[in-house]
Every structure is written in structure tokens, then in C-alpha cells.
1. What length, rounded to one decimal in nm, is gained on full extension from Val418 through to Asn118, with 0.36 nm per residue of separation minus their alpha-carbon distance?
2. Please check which bits of the stretch 7-24 a label hung off Thr187 would reach, taking the label as a point 7 Å along Cα-to-C-beta and the cut-off as backbone N under 17 Å.
3. Before rounding to the nearest 500, sum -39500 (n - 2.57) across all DSSP H runs of length at least 4 in the chain and divide by the residue total; then give [θ] at 222 nm in deg cm²/dmol.
4. Over the chain, what relative contact order in percent results from Cα pairs under 8 Å that are six or more residues apart?
5. Return the unpartnered cysteines for the chain, using a Cβ-Cβ cut-off of under 4.7 Å.
6. Based on the alpha-carbon gyration tensor of the chain and its eigenvalue square roots a ≥ b ≥ c, which shape applies: rounded if a/c is under 1.5, prolate if not and a/b is larger than b/c, or oblate?
7. Among 292-300, 366-374, 401-409, how do they line up from the highest to the lowest mean number of other beta-carbon atoms within 10 Å?
8. Restricting attention to the stretch 136-176, which trypsin sites (Lys or Arg not before Pro) occupy a DSSP loop and are surrounded by at most 15 other Cβ atoms within 10 Å?
Amino acid sequence: MGTTYFLQVYGCQMNFYEADLIRNILNATGFEEKNSPGAAEVLLIITCAVREHAEKRALGNFRQLLNLKKTGSARVIGILGCMAQRLQDTLINSFHADLVVGPDQYQRLPELINAAMNANRPQIAVELSDECYDRVHPVIQNRVSAYVTIMRGCSNFCSYCIVPHVRGKERSRPSEAILSEIDELTTQGVREIVLLGQNVLAYNYNEFDFCRLLAEIHKHPQIYRIRFITSHPRDLNERIVKTIATLPRICPQLHLPVQSGSDRILKLMNRGYTTEEYRNKVALLRKYLPEISLTTDVIVGFPTETEDDFCATLELMKSIRFDYAYMFKFSPRPGTPASLLTPTVPEDVIRERLLRLIEMQNQITRESNRAMLGKIYEILIEGKSPRGRGCMGRTPQGKVVVLDEPLPAGSLVNVKIVEVRGWTPKGEIVFSNASAPHSPEIRPNFSHQHAGG
Ligand code: SF4
């Protein structure tokens, strides 16, 4: 039996994707994954560094694993990912990690783990490089939907963001590597691809741009749905919007982080657009894709944010009416320009503004879900419902819908929304092609049929 490992994942979709890459790298060299930390010789945590809160949570968990090392079978404990890249040898000197590995060094994991075990000395590998893991395909387990990274790093340097500092400069993965990974995923039952990158709209590999990449993936007969995250508003243009509108298997869903409704704050954030430009892009999207679901990110309490700046954010959110928003308190990240800006906004003011924003957005999200009542949507079933005996799936707009029927994952069904329980719409089947293998020819052209989301 090979060396056993346990892998705990925190953070964004990119971390979950990279966890599957790490599984491939380790399993291919004879390591064996265990589901419980108590049963493994190597304990690994892959973490995020974008917010202080996420780092604190991961470090708290790391301490618990450290106790297991004292009492259980674990011999090596390691931290991987963005926080490893940010804190580097502090994790060895102050937190007693045996292994610290940044996002561009996962290929060296087998060698580093063996060295940490055999030499009984901490190992660190945090050099940034052009690594794109072209030849490593993630291990996926019984999933209908899978992430595929198309870009790594970021060169935008938004003033509050740690990502360019811990993931290096923006680079696009070769298109052949992406298409071959998607090919392999379909042989394992994957029917929905979510393209990942910090700024996917800027994809460009040897003049092969994002629109061309979408068109190539769209030709794959086994792929029913294509989604992508994250899109930078500055890079969204009419050509991209038209491509989404003309290729029916590209889902009418876009995550377009606005971050603030104040032009002054957007400038301080170095976001590269004004609120007017942002609104114009939303209008363009809704012109070509009236049924599109829009989600966003907002930061509250960015240094110097006044009540007027915050009210501008409220007003923007109220007028655009996003289907969902991820709303965060500003989290100063050491080493970023925003962490040096003053005056900072008092904690109680930030909390109060955030609550006002959440309350308003929750109302809009509830109304957006309630607007689904009585409408028909095509659902791709992803698995069992978290509660009850039925199943759950998603609309093309990305909304989760639960059904009472226990349908197999991968089925495509048309459902009518008959109830909205709390946040979650419930559907009843009105037409099913679950028993027939899906083919694009028989697929109802949903994205241009229904006003949804
Ligand atoms: S676009 Fe801005 S917020 Fe997004 S990863 Fe790059 S620097 Fe960070």
C-alpha cells in the first residue's frame, strides 16, 4: 500500500479544481487518498488568502490537524495554495507546518512529501512560474458538472486583491490542453463544463481567443452546457455577448463583479471601469439575452467609503437587480495598496452598511426566485436532493431546483416551477428525455424559449 493522504479544501472554485489536480498527481505516484484525517499519514490543507477570515478559519483547522499529528497516524502536515504562497516560511516557523507548497509547485508534491517524511525536515516550494498543468487532468468522481481551468494568475492588480501577488501573472492554458481535458471528462459522464479563471474573458492563447474557445467547446456533442467564471466587466464586449447569445449551449448566466457603485471608489480599487460603463454592459447583455441571470460581488467599507459612496452602491444594486450577490466586508490584505489607504471605515459602520445591503439584495433575490413560479425550465439533474428522496438540478441560469422524483444525474428534464420553498424553487416534470441519451438535435433550445431567473 502507498503512503496515505487526507486533503481538506477551502476557498474558491479554483481551489476545488486544483484539489482534483493534486489527487491526480499523488494517485499517479502511488499515494492513496483517505476520507478521514485520522486514517492518513499525510494531512494536506489547500486554502485561500483572499480574505483574512478565510485564512483564520483554515489556520484554526490546521491547528486541529496538528493535534492529530501528535496523537495519530499522521507524519507530515502541509499547507498548499494561496495562503502557503503568501505566508511562506512563517507557516513553518510559527505554525510548525512540515510542508508549504504554492499554487505553481504541485507537480513536486510527491517528491516534497517523501523528503519531509524521510529527511524529517520541513519542505517549502513557493516559486511562481508559467505552470499551467497542461498534462495533468483532475480526478473527478461521479460528477455531471466539472470545472476546467482555462487561465491561471491575474495581471489586473485591483488595489485590494492578493491574487496577482500569490498566483502570478495572467496566462492562458493551451487550447489543445483544454479541449483534450474536456474530451476526457465527457468519457467520465461530465455533461456540463464550468470554465475557470480569474479573468476568463481575456483568454488568449496564440490568437485563439475566448469566443473561439467557446465555439470549439460548443461543437462537442457530449457537452450539454457551458458556463464560465469570473468575468471582468472591462473585458466584456459586444462580440462576446453575441457569441453567448448565438451558441445555445452556453448558459445565459454571468457573474460580473461590480464591487462598488461609486466611481470614486472604483477608481481607488483600480477596477478600470466606471458605473456608467458597467451599466451599459449590463444593458448590452439584457438586449441580446433578456433571460440572462446576473450575479455580482460587492465590497462594503473600502477605505474612505462615505455614506454617499455606499448609497451609490445601494442605488446601483437596486436598479440593476442582480439575481444574487456575494457581499463582503473589506478585508485588508498585507502587501496590497488598499491595505495602506486611510481613513478606514469603522467596523460598526461597515457592519451596519453590509446588513442594509444584504437585506435589500435578499429581497431582490427572493423576488427573482418567485418570478420563476409557473414558468418552464430545462433542468440538468446533478444528484440527490440534500433533503428528501428526490433530486436536484440547475436551470440554464444556474438556479438550483429540487424535484420529488429521484432522477439519475445527467438527465435533462423540463420542469414547471410549482413552489418556491424558502430560497429554493421546486419543480414538477412536464416533459422528460431522461431515458434517452441527450443529443443536441433533440435538446429543446431553452435559452431562447423562456424568460427565466
Ligand atoms: S481581476 Fe482584480 S479582483 Fe479579480 S483576481 Fe484579478 S486582481 Fe483580483
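1. Numbers: separation 300, 0.36 × 300 = 108.00 nm, distance 6.05 nm.
Difference between extended and current length: 101.9 nm.
2. 24
3. It lands at -10500 deg cm²/dmol.
4. Values: 917 pairs, mean separation 46.1, N = 453.
Relative contact order comes out at 10 percent.
5. Cys12, Cys48, Cys82, Cys132, Cys154, Cys211, Cys251, Cys311, Cys391
6. Numbers: a/c = 1.62, a/b = 1.18, b/c = 1.37.
Taking the square roots of the gyration eigenvalues as a ≥ b ≥ c, the chain is oblate.
7. The most tightly packed comes first, giving 292-300, 401-409, 366-374.
8. Filter output for the stretch 136-176: Lys169.
Where a number appears in this text, it was derived from the coordinates with a stated rule and is not lab data. Note that the structure is a prediction, hence the values are computed from the model and not measured. Methodologically, a virtual Cβ is constructed for each residue, glycine included, from the backbone with ideal geometry; neighbour enumeration extends over all protein chains shown.
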